[in-house]
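*Asks:* Right, I'll just put the structure down here and ask away after.
A short reminder: the numbers here are calculations on the coordinates, not readings from a lab. Since this is a predicted model, take the numbers as computed values, not measurements. Here the Cβ positions follow ideal geometry from the backbone for every residue, glycine too, while neighbour counts run over all protein chains shown.
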């Protein structure tokens, strides 16, 4: 008869062989799955678009992300890591990739989602290449199985473009306002009034056709000065 140690070793070897075979079958079964994920991303707003003190361009945006990744899940899927990246090319780099948002989906129930969010990570270029730049928003995912090899894929969403100008330097966002200064005698009808005293009246107008006088004076102005300024919002 075989000893207890021999029997225990045989049982352990057989169990490990069956376990390895089951893991291999589970991993191979993922190849039979044909996922068909869908996604759409919209840029709802550009919250910030500026040049940093280092000279690099930076943009902050609000995103509307909708995706259905349920088809990525099988009985062998542990979780799915997903991230959204802005991808564009510059003369210096063929591919620039900036991660804007990411998340971990632990179960199939949460694989269909729609969220509105600001970029989680800063969108900064290595230089001043973002103004007027065309870029893609690409949704990447990595499927992490319970056993077997991890695989990744992506969905490219093209057709996005950043503004040509920073908000503070955009000529289309500049508004003109007019300030008019007029110099009057302080009291032209009084003989006791010193001749070297004057009153400065100013007027503000949002357009040439509309005046909002601060002081109503009847005497004739000595001279008139009109200042036109631009204010950017």
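*Asks:* So in the range 69-151, what percent of DSSP beta bridges are antiparallel if you round to the nearest 5? All intermediate terms of the calculation are to be shown ahead of the outcome.
*Replies:* On the way: 20 of 20 bridges.
Within the range 69-151, antiparallel bridges account for around 100 percent of the total.
*Asks:* Between residue 9 and residue 75, what's the calculated FRET efficiency when r is the beta-carbon distance and R0 is 22 Å? Round to 0.05.
*Replies:* It comes to 0.10.
*Asks:* Counting alpha carbon pairs within less than 8 Å and at least 6 residues apart, what relative contact order, in whole percent, applies to the range 90-160? Present the calculation step by step, with values, prior to reporting the outcome.
*Replies:* Working: 54 pairs, mean separation 17.5, N = 71.
Value for the range 90-160: 25 percent.
*Asks:* Follow-up. In angstroms, what radius of gyration and Dmax does the range 90-139 have, counting Cα atoms only?
*Replies:* Radius of gyration, then largest Cα-Cα span, for the range 90-139: 14.5, 43 Å.
*Asks:* Report D for the range 101-165 in µm² per second (integer): Stokes-Einstein, Kirkwood Rh on Cα pairs, 20 °C, 1.002 mPa s.
*Replies:* Values: Rh = 14.9 Å.
Once the numbers are plugged in, D ends up at 144 µm²/s.
*Asks:* With 10 angstrom as the radius, rank 6, 88, 121 by how many other C-beta atoms surround their C-beta, starting from the fewest. Please list the in-between numbers first.
*Replies:* Working: 6 10, 88 19, 121 13.
If I rank by nearby Cβ atoms, fewest first, I get 6, 121, 88.
*Asks:* What's the extension gain from residue 48 to residue 109 if we count 0.36 nm per residue and subtract their Cα-Cα distance?
*Replies:* Taking residue 48 through residue 109 to full extension adds about 18.5 nm, to one decimal.
*Asks:* Given an 8 Å cut-off on Cα distances and at least 6 residues of separation, report the relative contact order of the range 1-139 as a percent.
*Replies:* 25
*Asks:* May I ask you to sort 7, 133, 48 by Cβ crowding, counting other Cβ atoms within 10 Å and putting the fewest first? If you can, show how the numbers build up before the last one.
*Replies:* On the way: 7 11, 133 19, 48 15.
Sorted ascending by nearby Cβ count, the order is 7, 48, 133.
*Asks:* Further question on the same structure: Measure of size requested: the Rg and Dmax of the range 65-176, with Cα atoms as the atom set and Å as the unit; please supply both.
*Replies:* When restricted to Cα atoms, the range 65-176 yields Rg and Dmax of 17.8, 66 Å.
*Asks:* Can you pull the percent of Cα pairs in the range 1-112 with separation above 25 Å?
*Replies:* Values: 3358 of 6216 pairs.
Here the long-distance tail beyond 25 Å is 54 percent of all Cα pairs in the range 1-112.
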